[in-house]
Amino acid sequence: MDRQAKFENANITALGEAARRFIGKPGKLLIDGKWENAASGKVFDVIDPATEQVVCQVAEGDKADVDRAVKAARKQFDGGDWSRLTAANRQNLLLKLADLIDRNGDELAPLESLDNGKLGLFAKMIDVHGTAEFLRYMAGWATKIEGRTLDVSIGIPNMEFQAYTLRQPVGVCGQIIPWNFPLAMAVWKLAPALAAGCTCVLKPAEQTPLTALRLGELILEAGFPPGVVNVITGYGETAGAALVEHPGVDKIAFTGSTEVGKAIGKSAMNTLKRLSLELGGKSPVIVAEDADLASTIPGVANAIFFNQGEVCTAGSRLYVADSIFDKVVAGVADIAKSMKLGPGYDPTSQMGPLVSKEQHERVLGYIEKGRKEGGEVVAGGAKHGDKGYFVQPTVFTKCGPQSTIVREEIFGPVVVATPYKSVDDIVAVANDTQYGLAAGVFTKDLSFAHRVVKRLRAGTIWVNCYGLVDPNLPFGGFKSSGMGRENGAAAIDLYTEQKTVLMSV
Ligand code: NAI
Ligand code: MG
């Protein structure tokens, strides 16, 4: 079926079967191809953020479970069935998994909505279908990993040399992911690792373990050998930290907060693990005087309100040319005021709840702080309803460059709008942040766009669009937004070691 048609026919009404099959049933850990309870026997609650109801409980994995999972992954990596597969075998397994994700999309999307709060339609298009496409893209890399042949200049009489490099899988990978795009982040981590021939222990965020567990089932169904992918649900401070410390893990890939990223980096260095970090952001969006307002206003609103603002690249600092500032702010405020909040699995909702009580309190705390520090709220500014972790889409103005909500990542639907006068000023202001994940520029003036793009210190810059990611485009941050680039060929580099071979011939 044509893919577009598939979206339109998607029946995302209430909760699908996949959601129902988890409700009231305990989730287990996936270790060595088997579903197991945590060694401690402990479990923790999974909450529907729209209703604050407990959906189910999942196993609380810890150090002992991580250890078993790492050993299973190691066994497959060091001479197990997995290590003997050809690159084409790995490609085919990944393609099969992609098909299974698409085939189960009507279940996975509402499950993601239930667990995270996000809109079902977006879950279907982006988190599920986008993830299947991501897998297909990475499947293609499995058969295209290559080394080089190199000339050498070593001058030893009567000796001749041949040199080349091999790209080989880095080993057992510990992958720790956040709650904002649970399924997509799981696959962003797993797919390049598996394409390269690594084995994995995945730790989903404690707030959103469900689609990773369902993914584990699909991985077994696709036919991956047991132990190639292990899924350990649990808390960061216990299961996550144990994975980072484990001497049997060769590489850690992490997406989450800058604070935890720094701690993970330090801990990973004790055993010199390979490391990639995708961390927070405070991304500026610059609107030039000549921007096409009909597309720019919804564009900049979407840059912050998409996925409840729970996006590392969220355009949370909006800088608008002086002359059009009032008009743009009024337009964004109108959009904010018009959005209908409700459960992600209700098809009439336009924004879902935040993921957790903790995040709800954090975002409301930032709004409070913004007000206290002199900011003016022109839309939203409060929680929504009595049940569920909803926050109104919020637009602030009149916040100084040093105010907390201009400097710190909020990770919610809160944007601060500020007018600017000259290009030079605005680039300096946009770069005045510890972060450097992304930025946006809206303009019709090509030379303005190019000049600003060159000067902005950020890993991805969108011009006249925002927030779009593609499997072929490197993704990651400058400065405190992270280390390394995911996606594209860069992702394969993260999951391979380079081996140099020098042969006397
Ligand atoms: P977090 O960084 O604490 O959690 C992300 C992942 O890391 C989760 O799987 C968690 O269990 C794990 N983790 C936490 N502490 C760990 C440790 N000591 N060792 C190993 N793993 C650990 O993020 P949290 O607390 O959920 O959110 C706090 C803030 O972080 C958010 O408000 C937002 O600003 C930022 N964040 C950024 C994300 C991004 O995509 N860059 C995603 C999630 C949060
Ligand atoms: Mg945390």
- Single residue of segment 307-333 satisfying the filter (charged (D, E, K, R) and out of contact with any strand residue (DSSP E or B) (no Cβ under 8 Å at 6 or more places or on another chain)) that is least open to solvent (accessible area, probe 1.4 Å): GLU310
- Checked segment 424-447 for anything in contact with a helix residue (DSSP H, G or I) (Cβ under 7 Å, 6 or more places away or on another chain) and more than 14 Å from ligand 1 (Cβ to nearest atom); matches are VAL427, ALA439, GLY440, VAL441, PHE442, THR443
- May I ask you to verify whether GLY61 is open to solvent by 30 Å² or more (accessible area, probe 1.4 Å), small (Gly, Ala, Ser) and over 23 Å from LEU135 (Cα atoms)? no
- Task: Being of a type in the set (S, T, N, Q) and open to solvent by less than 10 Å² (accessible area, probe 1.4 Å) is the filter here, so list the residues in segment 279-306 that pass it.
- Result: SER283, THR296
- Conditions (1) outside any loop (DSSP other than H, G, I, E, B); (2) surrounded by fewer than 18 Cβ atoms within 10 Å (Cβ to Cβ); (3) in contact (Cβ under 8 Å) with a residue 40 or more places away in the chain -> GLY385 fails only (1)
- Positions within segment 267-295 being over 24 Å from SER316 (Cβ atoms) and within 16 Å of ligand 2 (Cβ to nearest atom), in sequence order: SER267
- Matching residues, segment 397-406, being outside any loop (DSSP other than H, G, I, E, B) and more than 19 Å from ALA438 (Cα to Cα): THR397, THR404
- Of all residues in segment 365-379, count the ones that are in a helix (DSSP H, G or I) and crowded, with 18+ Cβ neighbours inside 10 Å. 3
- Output the qualifying pairs, or none if there are none: Cβ atoms under 7 angstrom, residues six or more apart or on different chains, first residue in segment 463-482 and more than 17 Å from TRP188 (Cα to Cα), second residue β-branched (Val, Ile, Thr). VAL463/VAL441; VAL463/VAL453; TYR466/VAL285; SER480/THR258
- Note on the structure: Okay, helices (runs of 4 or more DSSP H) sitting entirely in segment 407-505 with 3 or more residues that are open to solvent by 40 Å² or more (accessible area, probe 1.4 Å) and farther than 30 Å from HIS129 by Cβ, I get 423-431, 446-455
- Kindly establish whether VAL355 is out of contact with any Cys (no Cβ under 8 Å at 6 or more places or on another chain), aliphatic (A, V, I, L, M) and either in a loop (DSSP other than H, G, I, E, B) or surrounded by fewer than 15 Cβ atoms within 10 Å (Cβ to Cβ) (or both). yes
- Go through (1) closer than 26 Å to ILE410 by Cα; (2) part of a helix (DSSP H, G or I) one by one and return the number of the condition GLY280 breaks. (2)
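Conditions tested, residue by residue: (1) aromatic (Phe, Trp, Tyr); (2) modelled with pLDDT of 95 or more; (3) on the phi > 0 side of the Ramachandran plot.
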residue	(1), (2), (3)
GLY24	no, no, yes
LEU94	no, yes, no
LEU97	no, yes, no
ASP106	no, no, no
- Count - residues of segment 244-279 that are out of contact with any strand residue (DSSP E or B) (no Cβ under 7 Å at 6 or more places or on another chain), within 10 Å of ligand 1 (Cβ to nearest atom) and of a type in the set (Ser, Thr, Tyr): 3
- Criterion (touching an Asp or Glu at 6+ places or on another chain (Cβ under 6 Å) and of a type outside the set (Lys, Arg)) met by exactly one of VAL70, VAL128, VAL55: VAL55
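The values are calculated or read from the model by the stated rules, or taken from the named source; none is laboratory data. As the structure is a computational prediction, the values presented were derived from the model and not from experiment. Reconstructed Cβ throughout: ideal geometry from the backbone, glycine too, with neighbour counts over all protein chains shown. These area figures cover heavy atoms from the full protein model, side chains too; ligands, DNA and RNA do not enter into them. Shrake-Rupley method; radii C 1.70, N 1.55, O 1.52, S 1.80 Å.
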